[in-house]
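So the structure is just underneath, and the comments pick up after that.
The values are calculated or read from the model by the stated rules, or taken from the named source; none is laboratory data. Everything numeric here is computed off the predicted structure, so don't read it as measured data. Heads up, the Cβs are rebuilt from the backbone with ideal geometry, glycines too, and the neighbour counts pull from every protein chain shown.
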């Protein structure tokens, strides 16, 4: 075991797979020589060579398009969109081609590739550097969308994503890149995609979160515990596929649900989760399933960002309101 943060765990997963599988390449803007803007790929070019870990032009559509060509030709590219908002120029390649190629060829070709995206706010960055676009990808048939919240999960989920025959959007909550340290096994291990994790058992309410919001929810639950409230916490881990069974089982037990996401509210992942709860646990509900999300605005620049971000106090207050409903 080694103590790692999120950055080190993701780096370790890519390092292991680069050693094991010669068909894998890693590339993107500043990914090679500099090791990426967040240093997530640091040292990989030195270990594996510039023909397997390398820098690309500043052209996200080109990065995604060339990766598609590699993937259907037998390679397994891992590409990086330097920031969440930088993925938008690649939408045509991702939505029109990468996500559809298995269907287009009736299964003759699959697209085994990973698109890594540092995402979310909380780092006082500029426009296009702090967005939460997971709903776009989760809404797109043919894509799998994964968001880890801990170093242990990040390594195991990324290894599973790299080995998956279909394209996986692997979104990394940059706010917690170095905020959490955890013991992580040296050896290879896998966490199945599409399987949520119950982080804490409780009896009065189910809180569902993912990515950086898991840590905020944990802080809120500690506050709620001081008032003798019993909260069950689920780390969703995969936006798609969604673990309907774990969610519905928990809400049928607790009778209440709060979904916490950083993404804007309208048409977001929280709405989909609440729909699942209504479909599968409606008769067990003691209060309306509720979402606590970002606002339907562009995330503010640094001076206003703190007013947008969800904090433990807001989560704790909503937990209490629903329990007392």
Could you give every pair whose Cβ atoms fall below 7 Å, whose first residue belongs to region 23-36 and is without any contact (Cβ under 8 Å) to a residue 40 or more places away in the chain, and whose second residue is buried (at least 19 other Cβ atoms within 10 Å of the Cβ), counting only separations of at least 6 or pairs across chains?
-> 32/45; 32/53; 33/45; 35/41
Odd one out for residue 11 among (1) within 20 Å of the chain's Cα centre (by Cα); (2) closer than 28 Å to residue 110 by Cβ; (3) assigned to a loop (DSSP other than H, G, I, E, B) = (3)
Counted residues, region 149-190 - those being outside any helix (DSSP H, G or I), more than 23 Å from residue 262 (Cβ to Cβ) and out of contact with any strand residue (DSSP E or B) (no Cβ under 9 Å at 6 or more places or on another chain) | 5
Flag for residue 153 being surrounded by fewer than 24 Cβ atoms within 10 Å (Cβ to Cβ), under 15 Å from the mean Cα position of the chain (by Cα) and closer than 27 Å to residue 318 by Cβ = yes
Any residue in region 255-270 that is outside any helix (DSSP H, G or I), at positive phi and touching a strand residue (DSSP E or B) at 6+ places or on another chain (Cβ under 7 Å)?
-> no
When residue 154 is run through (1) under 24 Å from residue 302 (Cβ atoms); (2) assigned by TED's automatic domain parsing to the domain that holds residue 102, the failure sits at (1)
